[in-house]
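*Asks:* First the structure, then my questions, so here it is.
Derivation of every value follows stated rules applied to the coordinates shown; laboratory data play no part. None of these values were measured; they are calculated from a predicted model. Every residue, glycine as well, gets a Cβ built from its backbone with ideal geometry; the counts of neighbours run over all protein chains shown.
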There are 2 protein chains.
Amino acid sequence: MIDGLEAAITRAGRGDGAEVMRFPPGLSRTQFERSDYMRTFPHFAGTVHCFCGGDREHREVLRCIETGEDWTGQQEASDIVLTPAACYPVYPVIAARGPVPEAGTLVDVMSYCFRHEPSSEPTRLQMFRMREYVCIGAPGQVLAFRADWLKRGQTLIRSLALPHAVDVANDPFFGRAGKVMANSQRELELKFELLVPVNSAENPTACISFNYHVDHFGRASDIKLLDGGVAHTACIGFGLERLTMALLRHHGLDIQAWPDAVQMVLWP
Amino acid sequence: MIDGLEAAITRAGRGDGAEVMRFPPGLSRTQFERSDYMRTFPHFAGTVHCFCGGDREHREVLRCIETGEDWTGQQEASDIVLTPAACYPVYPVIAARGPVPEAGTLVDVMSYCFRHEPSSEPTRLQMFRMREYVCIGAPGQVLAFRADWLKRGQTLIRSLALPHAVDVANDPFFGRAGKVMANSQRELELKFELLVPVNSAENPTACISFNYHVDHFGRASDIKLLDGGVAHTACIGFGLERLTMALLRHHGLDIQAWPDAVQMVLWP
């Protein structure tokens, strides 16, 4: 199902000439710090820690595991942070190439992502796959890209025969300051979501998001336009597990009984 | 290249009826502890840690990041440990099904893996993709599976026109006790590697490994045979990035100039 969804997303973007990039599910701590993620979503981040001791410290770890005590106290932070959204490793790569060309830059990326939101709700996994198209360029370019994909995203979901609606949305920013950020994000219409009922009709699940980051990643990674201005960015994110669950919810667990038209989109 | 390698590995195993399983790049800490990985390879493991504080603790994290101080001291261990080898999440799934059927169980798995061995050597990545075939059953079954794949692995590498040799090997066990384990592993011929020169002819790179775990994972995950005995396991692991680097090293960076026969294997 995920393979079929990925192929359908590829076809929906075919002809745009997006550069395909694939990264491991982690990025360097320095890059992560520059993205300012800890300011807005500290509660979601996953840092990778390692054992750096010798034989004596090792014996203590094993003793703790045997007696059921916490053995992770000795773990030290490594240089790796888990990727919070598929597009994070893209921006430093683009920045390193120098100014963005006149026509803008388009990237196709997919990665496992991590978000520390333990929940028994199946649409809220801690590790999940996110496919993205990312546009980097002048404000007008990235806004046109997002407007175009708002239509394409709905066309794709319609071809999968899923009930859906598009709505303005906000990210779950952390803490008291986060409330202000969320309100501002909604007011400026920086984020739209394509919602499909999965758990319930009252609380439909965001399966595609359409995000305009203004100059956040341009500033964080120092991505310049040819005229010296800061690049703006936008991304379209497809939640592959959520789309899979939406398909199973609406078309049933017997894939061979799915509508022919839907099967033809996923497995042409 | 990775897609082509994966398809070729799939074809090499076609007809065996292996069950395809795909997991996220992490497993639960409880499962990880049961695998006894911290006894043998504590230095490679990556535990995932998260921020669990409130607004006050958040301000302290941001202050540390701004002043360049270590901000990870507040991170607390989550329930997730990064997958150290692709087959680790397979064993608990198989155990939960009850006794292994008469014919044994065969699984096809692929995952990003993490090993904390920072190195400037490109064949020694911290995050890399490992494809595996895993056999679970009676000792004779899993040994026959491994013997069969020792031949198939060489046939595959020959079809990719890569120079290679097979040799007995050992895992890089930790500490003083590790030396004894490594010697015993070699003496009992529990691990073979298919080596291809990538960095040098003197120190060729293990691109495929052929591992007999005896009853290690059977005991750790409590996998039983129909007669009540403990299941034995073996796995064949393909290092996808290492195989890619071997291809680039021997056939050059211009893929269209690669031997036609090799291109036909990867992109038939």
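*Asks:* Order these by the 10 Å Cβ neighbour count, fewest first: A:251, A:232.
*Replies:* Listed from fewest to most nearby Cβ atoms, that is A:251, A:232.
*Asks:* Return the distance in nm (one decimal) between the two label points of a simple spin-label model at residue A:93 and residue A:67, each offset 7 Å from Cα along Cα→Cβ.
*Replies:* Output for this residue pair reads 4.8 nm.
*Asks:* So, with +1 on the Cβ of K and R and -1 on the Cβ of D and E, and no other charges, what is the size of the charge dipole of chain A about its Cα centre, to the nearest 20 debye?
*Replies:* Around 440 debye, computed over chain A.
*Asks:* Now for a different question. Top mean-square fluctuation among A:126, A:75, A:31, Gaussian network model of chain A, C-alpha springs under 10 Å?
*Replies:* Comparing A:126, A:75, A:31 in the GNM, the peak value goes to A:75.
*Asks:* For chain A, which longest stretch is free of loop sites, where a loop site is one of the trypsin sites (Lys or Arg not before Pro) that DSSP puts outside H, G, I, E and B and that has at most 13 other Cβ atoms within 10 Å?
*Replies:* Value returned for the longest uninterrupted segment is A:98-268.
*Asks:* Under a plain spin-label model, where a point goes 7 Å from the Cα along Cα-to-Cβ, how far apart in nm are residue A:226 and residue B:224?
*Replies:* The two pseudo-label positions are separated by 7.2 nm.
*Asks:* Using the Cα atoms of segment B:115-187 to build a convex hull, what is its mean projected area in square nanometres?
*Replies:* That works out to 7.1 nm².
*Asks:* What is the percent of Cα-Cα separations in the protein assembly as shown that go past 43 Å?
*Replies:* Of the Cα pairs, 21 percent sit more than 43 Å apart.
*Asks:* Determine, for B:168, A:81, the number of other Cβ atoms within 10 Å of each Cβ, and report the residues in order from fewest to most.
*Replies:* With the fewest neighbours first, B:168, A:81 line up as B:168, A:81.
*Asks:* Just to confirm the filter: which GluC sites (Glu not before Pro) across segment A:163-250 are DSSP coil and have at most 16 other Cβ within 10 angstrom of their Cβ?
*Replies:* Taking segment A:163-250 and a limit of 16 other Cβ atoms within 10 Å, the loop GluC sites (Glu not before Pro) found are A:189, A:202.
*Asks:* Suppose we take every Cα in segment A:86-223 and form the convex hull; what volume per residue is that in Å³?
*Replies:* 131
*Asks:* Starting from one equal scatterer on each C-alpha and no solvent at all, send me the Debye-based log10 I(q)/I(0) for chain B at q = 0.12, 0.13 Å⁻¹, two decimals.
*Replies:* With no solvent term, the Cα-only Debye profile gives -0.80, -0.92.
*Asks:* What distance in nm lies between label points placed 7 Å from Cα along the C-beta direction at residue A:189 and residue B:180?
*Replies:* That separation, rounded to one decimal, is 7.1 nm.
*Asks:* Net charge near residue B:190, counting Lys/Arg +1 and Asp/Glu -1 over other residues with Cβ under 14 Å of its Cβ?
*Replies:* So the surrounding residues net to -3.
*Asks:* I would also like to ask the following. Shape verdict for segment B:175-268, please, from the Cα gyration tensor: rounded (a/c under 1.5), prolate (a/b greater than b/c) or oblate.
*Replies:* Note, shape of segment B:175-268 comes out oblate.
*Asks:* Find the centroid of the Cα atoms in segment B:172-223 and in segment A:31-108, then give the distance between the two in whole Å.
*Replies:* 28
*Asks:* From Cα pairs below 8 angstrom and at least 6 apart in sequence, can you work out the relative contact order of segment B:203-268, rounded to a whole percent?
*Replies:* 30
*Asks:* Between B:130, B:245, B:181, where does the largest GNM mean-square fluctuation fall for chain B, given springs only between Cα atoms within less than 10 Å?
*Replies:* Sorting by GNM fluctuation, first place goes to B:181.
*Asks:* Same structure, new question: For segment A:1-150, state the semi-axes of the equivalent ellipsoid (square roots of 5 times the eigenvalues of the alpha-carbon gyration tensor), sorted largest first and rounded to whole angstrom.
*Replies:* Over the Cα atoms of segment A:1-150, the ellipsoid semi-axes are 38, 19, 13 Å.
*Asks:* A further question follows. Which lysines does residue A:179 reach when only Cα atoms under 27 Å apart count, and residues fewer than 8 places away in its own chain are ignored?
*Replies:* A:191
*Asks:* Across segment B:253-258, in residue order, what do the Karplus-derived ³J(HN,Hα) couplings come to in whole Hz, using 6.51 cos²θ - 1.76 cosθ + 1.60 with θ = phi - 60° and x for Gly and Pro?
*Replies:* So the J values, rounded to whole Hz, are 7, 8, 4, 5, 8, 5.
*Asks:* Inter-copy label distances at residue A:176, 7 Å along the Cα→beta-carbon direction, one decimal in nm, shortest first?
*Replies:* 5.5
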